[in-house]
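Single-structure report; data block below.
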Amino acid sequence: MNKITKLGNKIELIGNSGKVLIIGVFHGDEPQGKFLIEEYLKTKGPNGLLFIPCINPDGMQLKTRTNANGVDLNRNFPTKNWGEDTSQAGDNPADYFGGKSAGSEIETQFVTDVIEQYKPELIITLHAPYKVVNYDGPAKEIAEKISEIIKYPVEASIGYPTPGSFGTYAGIERQVPTITLELDETCPVEDLINPVHEIFDLFAV
(Lines give C-alpha, C1' and ligand atoms only; values in the text may rest on other atoms or scores of the structure.)
Protein backbone atom coordinates (compact mmCIF):
# COMPACT_ATOMS: atom_id res chain seq x y z
CA MET A 1 0.00 0.00 0.00
CA ASN A 2 1.51 3.32 -1.02
CA LYS A 3 0.80 6.76 -2.44
CA ILE A 4 2.80 9.25 -4.46
CA THR A 5 3.10 12.78 -3.10
CA LYS A 6 3.05 16.14 -4.84
CA LEU A 7 6.83 16.07 -5.32
CA GLY A 8 6.79 12.48 -6.55
CA ASN A 9 7.93 10.83 -3.34
CA LYS A 10 6.45 7.54 -2.20
CA ILE A 11 4.63 7.04 1.10
CA GLU A 12 4.75 3.37 2.07
CA LEU A 13 2.99 1.12 4.52
CA ILE A 14 5.33 -1.71 5.52
CA GLY A 15 3.78 -4.84 6.98
CA ASN A 16 0.57 -6.50 5.87
CA SER A 17 -0.91 -7.43 9.22
CA GLY A 18 -0.83 -6.31 12.82
CA LYS A 19 -2.77 -4.25 15.31
CA VAL A 20 -0.08 -1.67 16.13
CA LEU A 21 0.67 1.15 13.68
CA ILE A 22 3.88 3.16 14.01
CA ILE A 23 4.31 6.39 12.01
CA GLY A 24 7.39 8.56 11.46
CA VAL A 25 7.95 12.11 10.19
CA PHE A 26 4.63 13.93 10.41
CA HIS A 27 6.80 17.04 10.30
CA GLY A 28 9.58 17.16 7.73
CA ASP A 29 11.98 18.85 10.14
CA GLU A 30 11.65 15.94 12.59
CA PRO A 31 13.40 13.14 10.66
CA GLN A 32 14.33 10.92 13.60
CA GLY A 33 11.35 8.59 13.20
CA LYS A 34 12.25 7.50 9.68
CA PHE A 35 15.79 6.59 10.70
CA LEU A 36 14.67 4.66 13.79
CA ILE A 37 11.97 2.73 11.94
CA GLU A 38 14.27 1.86 9.03
CA GLU A 39 16.99 0.65 11.42
CA TYR A 40 14.43 -1.60 13.12
CA LEU A 41 13.23 -2.98 9.80
CA LYS A 42 16.81 -3.77 8.74
CA THR A 43 17.31 -6.09 11.68
CA LYS A 44 13.84 -7.43 12.50
CA GLY A 45 11.52 -6.71 9.60
CA PRO A 46 7.95 -5.68 10.39
CA ASN A 47 7.81 -8.19 13.26
CA GLY A 48 4.02 -8.22 13.30
CA LEU A 49 3.79 -4.41 13.31
CA LEU A 50 2.58 -1.90 10.73
CA PHE A 51 5.01 0.90 9.84
CA ILE A 52 4.78 4.12 7.87
CA PRO A 53 8.43 5.20 8.10
CA CYS A 54 7.83 8.67 6.67
CA ILE A 55 4.37 10.13 6.18
CA ASN A 56 5.76 13.51 5.01
CA PRO A 57 8.60 12.80 2.55
CA ASP A 58 8.04 16.10 0.74
CA GLY A 59 8.51 18.06 3.95
CA MET A 60 11.60 16.01 4.74
CA GLN A 61 13.00 16.76 1.28
CA LEU A 62 12.26 20.46 1.73
CA LYS A 63 13.39 20.46 5.39
CA THR A 64 10.09 22.07 6.41
CA ARG A 65 7.57 21.27 9.11
CA THR A 66 4.78 21.33 6.54
CA ASN A 67 4.23 19.31 3.37
CA ALA A 68 4.79 20.64 -0.16
CA ASN A 69 1.46 22.50 0.00
CA GLY A 70 2.50 24.33 3.17
CA VAL A 71 0.09 22.29 5.31
CA ASP A 72 0.90 21.05 8.80
CA LEU A 73 -0.30 17.45 8.54
CA ASN A 74 -0.85 17.36 12.29
CA ARG A 75 -3.53 20.05 11.92
CA ASN A 76 -5.20 18.62 8.78
CA PHE A 77 -7.19 15.70 10.16
CA PRO A 78 -11.00 15.82 9.90
CA THR A 79 -11.78 16.46 13.56
CA LYS A 80 -14.59 18.38 15.19
CA ASN A 81 -12.18 21.17 16.08
CA TRP A 82 -10.40 21.35 12.70
CA GLY A 83 -9.74 24.92 11.59
CA GLU A 84 -9.85 26.51 15.03
CA ASP A 85 -7.24 29.14 15.88
CA THR A 86 -3.68 27.81 16.19
CA SER A 87 -1.97 31.14 16.85
CA GLN A 88 -0.81 30.07 20.33
CA ALA A 89 0.99 27.05 18.93
CA GLY A 90 4.13 28.81 17.71
CA ASP A 91 5.83 31.94 16.50
CA ASN A 92 4.93 31.50 12.83
CA PRO A 93 1.22 30.70 12.27
CA ALA A 94 1.98 29.54 8.70
CA ASP A 95 3.88 26.58 10.16
CA TYR A 96 0.60 25.37 11.69
CA PHE A 97 -1.73 25.92 8.72
CA GLY A 98 -4.37 23.19 8.79
CA GLY A 99 -5.10 23.21 5.06
CA LYS A 100 -7.89 24.59 2.92
CA SER A 101 -10.22 21.85 4.15
CA ALA A 102 -10.09 19.04 6.70
CA GLY A 103 -8.36 15.95 5.33
CA SER A 104 -7.33 17.77 2.16
CA GLU A 105 -3.81 16.33 1.89
CA ILE A 106 -2.66 13.12 0.20
CA GLU A 107 -0.61 12.28 3.27
CA THR A 108 -3.55 12.70 5.64
CA GLN A 109 -5.76 10.58 3.37
CA PHE A 110 -3.14 7.84 3.33
CA VAL A 111 -3.17 7.61 7.13
CA THR A 112 -6.96 7.63 7.40
CA ASP A 113 -7.17 4.94 4.71
CA VAL A 114 -4.69 2.75 6.59
CA ILE A 115 -6.68 3.14 9.81
CA GLU A 116 -9.92 2.31 8.01
CA GLN A 117 -8.45 -0.79 6.37
CA TYR A 118 -6.35 -2.22 9.21
CA LYS A 119 -8.23 -0.93 12.29
CA PRO A 120 -5.17 -0.70 14.55
CA GLU A 121 -5.66 -1.07 18.29
CA LEU A 122 -2.68 1.16 19.14
CA ILE A 123 -0.93 3.91 17.18
CA ILE A 124 2.49 5.40 17.97
CA THR A 125 3.78 8.49 16.17
CA LEU A 126 7.39 9.63 16.46
CA HIS A 127 7.99 13.36 16.81
CA ALA A 128 10.58 15.75 18.30
CA PRO A 129 11.77 17.69 20.33
CA TYR A 130 9.90 17.78 23.65
CA LYS A 131 11.13 14.62 25.45
CA VAL A 132 7.67 13.53 26.59
CA VAL A 133 5.33 10.60 26.11
CA ASN A 134 2.10 12.34 25.12
CA TYR A 135 -1.09 10.33 24.78
CA ASP A 136 -4.64 10.67 23.51
CA GLY A 137 -7.56 8.38 24.16
CA PRO A 138 -7.33 5.33 26.46
CA ALA A 139 -3.55 5.12 26.39
CA LYS A 140 -2.32 6.24 29.83
CA GLU A 141 -1.12 2.78 30.94
CA ILE A 142 0.67 2.22 27.62
CA ALA A 143 2.28 5.67 27.91
CA GLU A 144 3.55 4.75 31.38
CA LYS A 145 5.13 1.53 30.08
CA ILE A 146 6.87 3.49 27.32
CA SER A 147 7.99 6.10 29.85
CA GLU A 148 9.67 3.39 31.93
CA ILE A 149 11.81 2.46 28.94
CA ILE A 150 12.75 5.88 27.55
CA LYS A 151 12.69 7.82 30.85
CA TYR A 152 10.56 10.68 29.52
CA PRO A 153 7.62 12.02 31.55
CA VAL A 154 4.05 11.16 30.60
CA GLU A 155 1.95 14.14 29.52
CA ALA A 156 -1.74 14.15 28.62
CA SER A 157 -1.38 17.59 27.01
CA ILE A 158 1.42 19.04 24.91
CA GLY A 159 0.64 22.46 26.37
CA TYR A 160 -0.99 24.33 23.49
CA PRO A 161 -4.04 23.96 21.20
CA THR A 162 -3.75 21.39 18.40
CA PRO A 163 -6.98 21.55 16.36
CA GLY A 164 -7.11 18.98 13.59
CA SER A 165 -4.37 16.92 15.20
CA PHE A 166 -3.88 13.23 14.64
CA GLY A 167 -4.16 12.58 18.37
CA THR A 168 -7.60 14.17 18.40
CA TYR A 169 -8.68 12.29 15.28
CA ALA A 170 -7.51 8.82 16.32
CA GLY A 171 -7.23 8.95 20.09
CA ILE A 172 -9.99 11.23 21.31
CA GLU A 173 -12.65 10.93 18.61
CA ARG A 174 -12.11 7.26 17.68
CA GLN A 175 -10.83 6.02 21.04
CA VAL A 176 -7.83 4.26 19.51
CA PRO A 177 -5.01 4.48 22.08
CA THR A 178 -2.59 6.96 20.49
CA ILE A 179 0.93 7.78 21.66
CA THR A 180 2.89 10.80 20.49
CA LEU A 181 6.47 9.97 21.43
CA GLU A 182 8.35 13.28 21.44
CA LEU A 183 12.03 12.43 21.08
CA ASP A 184 15.00 14.45 22.33
CA GLU A 185 16.38 16.27 19.27
CA THR A 186 19.58 17.27 21.13
CA CYS A 187 20.51 13.61 21.52
CA PRO A 188 22.34 11.82 18.65
CA VAL A 189 19.66 9.76 16.93
CA GLU A 190 21.89 6.67 17.15
CA ASP A 191 21.57 6.87 20.95
CA LEU A 192 17.80 6.51 20.60
CA ILE A 193 17.97 3.20 18.72
CA ASN A 194 18.03 0.91 21.78
CA PRO A 195 15.20 2.50 23.79
CA VAL A 196 12.94 3.11 20.79
CA HIS A 197 13.47 -0.41 19.43
CA GLU A 198 12.73 -1.79 22.89
CA ILE A 199 9.45 0.13 22.75
CA PHE A 200 8.65 -1.39 19.35
CA ASP A 201 9.45 -4.84 20.72
CA LEU A 202 6.85 -4.35 23.48
CA PHE A 203 4.18 -4.64 20.79
CA ALA A 204 5.81 -7.03 18.31
CA VAL A 205 4.03 -10.30 17.62
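Numbers for the structure displayed
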quantity	calculated
Cleavage-rule hits (GluC sites (Glu not before Pro)) in the stretch 65-143: DSSP loop, at most 14 neighbouring Cβ within 10 angstrom	84, 121
Charge-dipole axis of the stretch 94-185 as Lys and Arg at +1 and Asp and Glu at -1 on Cβ define it, positive-most pick from 127, 180, 110	180
Highest-fluctuation residue, 138, 31, 188 considered, GNM on the chain with Cα pairs under 10 Å	188
Longest to shortest principal axis, alpha-carbon extents of the chain, angstrom	39, 35, 33
Candidates 190, 144, 12: whichever shows maximal mean-square fluctuation once the chain is modelled as a Gaussian network with Cα springs under 10 Å	190
Computed E for residue 104/residue 84 - FRET, C-beta separation, R0 22 angstrom, nearest 0.05	0.85
Whole-Hz couplings from phi, Karplus 6.51/-1.76/1.60, listed for the stretch 95-112; x for Gly and Pro	5, 10, 4, x, x, 6, 8, 5, x, 6, 9, 3, 5, 4, 4, 4, 5, 5
HN-Hα J in Hz across the stretch 40-49 - Karplus 6.51, -1.76, 1.60, θ = phi - 60°, x for Gly and Pro	5, 5, 4, 9, 10, x, x, 6, x, 10
Cut-off under 5 Å, modelled amide H: who pairs with residue 66 long-range	28
Probe 1.4 Å, all protein chains present, accessible-area order of 174, 75, 65, largest first	174, 65, 75
DSSP-defined beta bridges in the chain - what % are antiparallel, rounded to 5	40
Positive dipole terminus of the stretch 1-47, leading residue within 11, 35, 24 (C-beta point charges)	11
For the stretch 68-135, diffusion coefficient by Stokes-Einstein and Kirkwood Rh (Cα), 20 °C, 1.002 mPa s, µm²/s	159
The stretch 130-205 and the stretch 11-48: distance between their alpha carbon centers, rounded to Å	14
Residue-level accessible surface for residue 62, protein heavy atoms, 1.4 Å, Å²	90
Size of charge dipole - the chain - debye, nearest 20, with Cβ of Lys, Arg +1 and Asp, Glu -1, no other charges	540
Other-chain or far-sequence residues with amide H under 5 Å of residue 137's (modelled H)	172
Accessible surface of residue 157 - all protein chains present, 1.4 Å probe, nearest 10 Å²	70
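The values are calculated or read from the model by the stated rules, or taken from the named source; none is laboratory data. On a predicted model such as this, the values are computed, not experimentally measured, just so you know. Note that we place each Cβ from the backbone using ideal geometry, even for glycine, and neighbour counts take in every protein chain shown. These area figures cover heavy atoms from the full protein model, side chains too; ligands, DNA and RNA do not enter into them. Shrake-Rupley method; radii C 1.70, N 1.55, O 1.52, S 1.80 Å.
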